[in-house]
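The values are calculated or read from the model by the stated rules, or taken from the named source; none is laboratory data. For clarity, every value in this text was computed on a predicted model and none was experimentally measured. Every residue, glycine as well, gets a Cβ built from its backbone with ideal geometry; the counts of neighbours run over all protein chains shown.
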């Protein structure tokens, strides 16, 4: 019985903010369904060439009060990048808090607008340690 | 700046129960790290041939009281299967509640031992409607 992973789905409060966040990471909308009857939208986003593993965003047009402000239960989404410093700089320049800076040139954590934890990992060997990252403190948790 | 999806991580309370659940679905352990110092284990599980999209289970040996009993914020993991009836029967025979039975021959939802929602989708066209599924009621939510 063959099994194939399809996607991870996240419920979001503010679709525009969330799509902007994933856009900053490098994901683009690859598929979308707006359901007038159910008053919800499903948006699938993935990086170019990575369409097999999208994240699905579920947005209820009339809000979703059941969403916790933080969810430790759900761990994180993880993405690999070719230049973790460039990506973190790009995120920071656009107002994203780097909760766990890539001090080691290898790993960082940020949060989506809904506080979903997103792990970033350097492709291949860790980059040489470099400022401002090497001496940057953690902010909050992730 | 290329980006590659790596995994979705879930924190679990009971590693044995959770691995048994994902085993029932058809996932196997593909990579594992037991950290004596940090007293945690990371277990990556994937279906055969689907190793690019694993789920990562994080298990803290001394428990994790921060886990909510339910997490609406996190949506679900989704898997495609070649025979949704056979898979649901297999799960049910092993004590898994089918929260949303595949009445339509296409879609079902179950929960992991930590109440993580897991969506199952039939590969290709929906199967012809069939009992006991067609008249099976929902149980709880997902």
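Residue B:99 is checked against (1) in the same structural domain as residue B:132 (by TED's automatic domain parsing); (2) free of Cβ contacts under 8 Å to residues at least 12 places away in the same chain and fails just one. What number does that condition carry?
It is condition (2) that residue B:99 fails.
Those residues that are in contact with a helix residue (DSSP H, G or I) (Cβ under 9 Å, 6 or more places away or on another chain) and either within 11 Å of another protein chain (Cβ to nearest Cβ) or not in a loop (DSSP other than H, G, I, E, B) (or both), I need them from segment A:117-131; list them, please.
Going through segment A:117-131, the residues in contact with a helix residue (DSSP H, G or I) (Cβ under 9 Å, 6 or more places away or on another chain) turn out to be A:118, A:120-123, A:126-127, A:130.
A:118, A:120, A:121, A:122, A:123 - these are the residues of segment A:117-131 that are in contact with a helix residue (DSSP H, G or I) (Cβ under 9 Å, 6 or more places away or on another chain) and either within 11 Å of another protein chain (Cβ to nearest Cβ) or not in a loop (DSSP other than H, G, I, E, B) (or both).
Inside segment A:1-20, can you point out the residues that are without any contact (Cβ under 8 Å) to a residue 60 or more places away in the chain and touching a helix residue (DSSP H, G or I) at 6+ places or on another chain (Cβ under 9 Å)?
The answer is A:1, A:3.
Just wondering, is there one or more residues in segment B:101-115 that are within 28 Å of residue A:111 (Cα to Cα) and at the interface with another protein chain (Cβ under 10 Å from one of its Cβ atoms)?
yes
How many residues are in a strand (DSSP E or B) and farther than 13 Å from residue B:139 by Cβ if we restrict to segment B:86-116?
Number satisfying all stated conditions: 1.
Scan segment B:132-139 and tell me whether some residue there is in a strand (DSSP E or B) and in contact with a helix residue (DSSP H, G or I) (Cβ under 8 Å, 6 or more places away or on another chain).
Looking for residues that are in a strand (DSSP E or B) and in contact with a helix residue (DSSP H, G or I) (Cβ under 8 Å, 6 or more places away or on another chain), one finds none in segment B:132-139, hence no.
Does residue B:92 qualify as being in the same structural domain as residue B:118 (by TED's automatic domain parsing), touching a strand residue (DSSP E or B) at 6+ places or on another chain (Cβ under 8 Å) and surrounded by 15 or more Cβ atoms within 10 Å (Cβ to Cβ)?
Spelling it out, residue B:92 is indeed in the same structural domain as residue B:118 (by TED's automatic domain parsing), touching a strand residue (DSSP E or B) at 6+ places or on another chain (Cβ under 8 Å) and surrounded by 15 or more Cβ atoms within 10 Å (Cβ to Cβ).
Find the strands (runs of 3 or more DSSP E) located wholly in segment B:1-60 whose residues include 2 or more that are more than 7 Å from chain A (Cβ to nearest Cβ) and either at pLDDT 90 or above or within 29 Å of residue A:49 (Cα to Cα) (or both), and list them.
In segment B:1-60, B:28-35, B:40-46, B:55-60 are the strands (runs of 3 or more DSSP E) which contain 2 or more residues that are more than 7 Å from chain A (Cβ to nearest Cβ) and either at pLDDT 90 or above or within 29 Å of residue A:49 (Cα to Cα) (or both).
What number of residues in segment B:21-68 are in contact (Cβ under 8 Å) with a residue 60 or more places away in the chain and touching a helix residue (DSSP H, G or I) at 6+ places or on another chain (Cβ under 8 Å)?
Result for segment B:21-68: 3.
Among the residues that make up segment B:76-85, is at least one of them in a helix (DSSP H, G or I) and either more than 8 Å from chain A (Cβ to nearest Cβ) or surrounded by 17 or more Cβ atoms within 10 Å (Cβ to Cβ) (or both)?
Looking for residues that are in a helix (DSSP H, G or I) and either more than 8 Å from chain A (Cβ to nearest Cβ) or surrounded by 17 or more Cβ atoms within 10 Å (Cβ to Cβ) (or both), one finds at least one in segment B:76-85, hence yes.
Out of everything in segment B:1-17 that is in contact with a strand residue (DSSP E or B) (Cβ under 7 Å, 6 or more places away or on another chain) and surrounded by fewer than 17 Cβ atoms within 10 Å (Cβ to Cβ), what residue ends up being farthest from residue A:83 (Cα to Cα)?
B:15
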